Structure formats: C-alpha cells, structure tokens
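Structure first, then comments.
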Amino acid sequence: MPGQIPLIGEKLPEMTVDTTHGVKKLPNDYAGKWLVLFSHPADFTPVCTTEFVAFAKRYEDFKKLNVELLGHSVDSVFSHIKWIEWIEKNLGVKIPFPIIADPVAEVAKKLGFLHAQSVTNTVRAVFIVDPNGVIRVVLYYPQELGRNIDEILRIIVGLQVSEKLAAAIPANWPNNDLIGDRVIVPPARTVDEAAERVKIKEYTCYDWWLCCKEGISEYAEMARAFLKRVAGVH
C-alpha cells in the first residue's frame, strides 16, 4: 500500500539517513537553509540519469538561493556511488549533492514516496523544505515523466519573494497576464480596511480584495531566466 504523504505546513519528519556524503540528520543538518529533497525510481535508469544531470547543472543556481539538494531512492549507497561514477565518466557531469540510500524503503515509506504505481520503486517526489524545517511544497511526478528543474527553481524564488514581502505570488509569476511581476497583497479583513485598501498609493487594485504591489525586480529577473529555460529559450 502507498505510504502517507506529509502535508504542506508540517515539519519534515526527523530521521537519520545514510547518504553518499555520510550520515545526515533530517531536517536538523539543513537548519537555516532551504532543502529540495527529491526521490527517483532507481539508479542506472534513463530518465533518472537525465534528471540528475539537470540538477547538477543547476546546482550553483540552487546554492545562490541558499538551497541544498538531497536525492533519494531505494538503492544502496554502493549503487549510488557507482552510478555517480558512471555519470561523471560517461557524461562528464559531477554530482555534487548527496543521495540517500534506502534499500529497505524505510525513508520512502515514512515520506510517502512509494505509490500504487510501484511498491518497490519510488515515484518522482519533490519536497521543498524551508530553513525552519517546514514542508512548503510537495510535488509528485509519475515514473515516465522527468521533472523540470528550472520550474523548481522558479518555485523557490517565488516562495522567497512571498516571505520577504508578506505577499502572495500570482499565476505564471513573474509574467502574470493581469499584474506582471507584481505580488498580491493579503485581502482586507474588515469593512474599514476594505474601504481604505483601494486608496493606498503603493497598491494597484482591481477591487479591495484584489490588490497588488511592486515585487523585487532582481528576483523577478531571476525567475524570468528560469522560465526561459523551461521554454527552451536561451
């Protein structure tokens, strides 16, 4: 049976895991940093190999955003090491981040990485965990569909902007059809606040419940660069 998935807003469950970079304690070893924890079905598989190469090539972009990467599958640490060696030797890409070894699927079961699609291989899960160890995003992809790494980067940029400005992020940000790269102000909660909301000069409003303000230009440009890569524009 599939495992239960931790919910957005919950703390990442505490656990000690064996990785290609040694023992890690989750989430404590990543306190103060964002963490992208992602599972893959198996080592030495075609789609997973393309994903690991893509994550590695974006590694410096993640680091600039104070993000650490942590892979996972139900393979052994020996399999991980050999696979990493194969990627570097044959594809010329060094995998700089650790991979959790989970041969008895203990971690996979605890985090809900095993789904009905397979009771032996993990699906392509992505947990984005904030510096306080709280799960902020949960993404799941089937085995046959590889992830888009630049979209994961765009998500993290959006979350960081949301935190810095205490605002929400619109659809397709930073290229939203209605408000561009602006961010959405929390809705008014009283009659008086609603009446005053549309008078605030710093806000652009369609109505009192839909107002926006300027975002952070350098973050918007960063997100646009990721979107261009998503679209295959270089």
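The values are calculated or read from the model by the stated rules, or taken from the named source; none is laboratory data. Quick caveat: nothing in here was measured; it's all calculated off a predicted structure. Ideal geometry is used to build each Cβ from the backbone, glycine not excepted, and the neighbour counts take in all protein chains shown.
Could you please give the count of residues in segment 120-148 that are loosely packed, with under 15 Cβ neighbours inside 10 Å and of a type in the set (D, E, K, R)?
So the count comes out to 1.
Looking at 23, 47, 17, which one is within 24 Å of residue 156 (Cα to Cα) and either modelled with pLDDT of 95 or more or touching a His at 6+ places or on another chain (Cβ under 8 Å) (or both)?
After ruling out the rest, the residue left standing is 47.
Testing residue 109 on (1) in a helix (DSSP H, G or I); (2) modelled with pLDDT of 95 or more; (3) not acidic (Asp, Glu), one condition comes back false. Which one is that?
(2)
Could you identify the single residue in 202, 151 that is assigned to a helix (DSSP H, G or I), surrounded by fewer than 19 Cβ atoms within 10 Å (Cβ to Cβ) and outside the structural domain of residue 57 (by TED's automatic domain parsing)?
Residue meeting the stated conditions: 151.
Is there a residue in segment 71-86 that is in contact (Cβ under 8 Å) with a residue 24 or more places away in the chain, over 24 Å from residue 111 (Cα atoms) and among the aromatic types (Phe, Trp, Tyr)?
yes
Scan segment 55-83 residue by residue and report those that are buried (at least 16 other Cβ atoms within 10 Å of the Cβ), within 22 Å of the chain's Cα centre (by Cα) and part of a helix (DSSP H, G or I).
55, 56, 59, 61, 62, 80
Scanning segment 205-220 for residues that are of a type outside the set (Phe, Trp, Tyr), in contact (Cβ under 8 Å) with a residue 12 or more places away in the chain and part of a helix (DSSP H, G or I), which turns out nearest to residue 61 (Cα to Cα)?
Selected residue: 220.
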